Amino acid sequence: MGESYTEQLVKQKTSTQTMLKKAGLIVALLILVIIAMVIPVLVILPAFGIMGVWYLWKRWSCVEFEYIYYNGEIDIDRIMGREARKRVFSASAKEMEVLAPTGSDQLRPFQNLKVYDCSSNTGNKTYEIVAKVKDQNVRVIFEPNDEILQGMRYYAPRKVNL
């Protein structure tokens, strides 16, 4: 098969929790503006409030996951607000326990593990990887494309159940 490299970007659907956070920010900002109108000395308070709300809004407005696959290694990064990138998960195909579609029988023994959801939450077909991270097994839910799945199957055929 030779060398294999694939990148995939998945944008996460805005969750209800994120929408509630945004609504709370707007309410807090309105309260600060009303306080500034009642007590004119506190005009600086809404200015800092607006800057804080803008920063948090930008950070929560766009969450994306980037899957990077290279020769049996999978890295998943979380990108917040199209600026801040943080590695969520990294594993080798040979080190993982299993890779299977979400809800399959191969994942039953691993139901009580910590879960990292790196999917778009749009209802697309998801897969789960069970692997060891910092001496602890975890489940990672993600939406790989066919090239990533076939590459993982090539490096660990007994562990990949498609």
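Every number here is computed from the coordinates shown, using simple stated rules; none is lab data. From a predicted model like this one, the values you see are computed outputs, not experimental measurements. Neighbour counts run over all protein chains shown; Cβ positions are idealised from the backbone, glycine included.
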Roughly what % of Cα-Cα distances in the stretch 92-135 sit above 11 Å, to the whole percent? 70 percent
Nitroxide proxy distance, nm - points 7 Å out along Cα→Cβ at Glu95 and Tyr5: 2.1 nm
Expressed in whole Å with the largest first, what are the equivalent ellipsoid semi-axes of the stretch 78-117 derived from the C-alpha gyration tensor as the square root of 5 times each eigenvalue? 26, 13, 9
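Could I get the Rg over Rh figure for the chain? Both from C-alpha atoms, Rh via Kirkwood, rounded to two places. If you can, show how the numbers build up before the last one.
Details: Rg = 20.8 Å, Rh = 18.0 Å.
Result for the chain is an Rg/Rh of 1.16.
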About the Cα centre of the chain, how large is the charge dipole given +1 on each Lys and Arg Cβ and -1 on each Asp and Glu Cβ? Please answer in debye to the nearest 20. 520 debye
Any idea what Rg and Dmax come out to for the stretch 49-136 if you just take the C-alpha atoms, in Å? 15.7, 50
For the stretch 22-97, which GluC sites (Glu not before Pro) are both in a DSSP coil and crowded by at most 14 other Cβ atoms within 10 Å? Glu83, Glu95
Once the dipole of the stretch 24-110 is set up from charges on Cβ (+1 Lys and Arg, -1 Asp and Glu), the residue from the list Val41, Leu99, Ile31 lying farthest towards its positive end is Val41
Between Glu97 and residues 5 or more places away or on another chain, which pairs have amide H atoms under 5 Å apart, with H built 1.01 Å from N, and which residues are they? Val130, Ala131, Lys132
Please sort 101-109, 147-155 by packing, taking for each peptide the average over its residues of neighbouring beta carbons within 10 angstrom, highest first. 147-155, 101-109
Is any helix in the chain, taking whole DSSP H runs, at least 27 angstrom long along its axis by alpha carbon and on average at least -0.5 on the Kyte-Doolittle scale, and which ones? 16-38
Between Lys132, Lys21, Lys11, where does the largest GNM mean-square fluctuation fall for the chain, given springs only between Cα atoms within less than 10 Å? Lys21
Hits among lysines - C-alpha to C-alpha of Lys21 under 26 Å, sequence gap 8 or more where chains match: Lys11, Lys13, Lys58, Lys86, Lys114
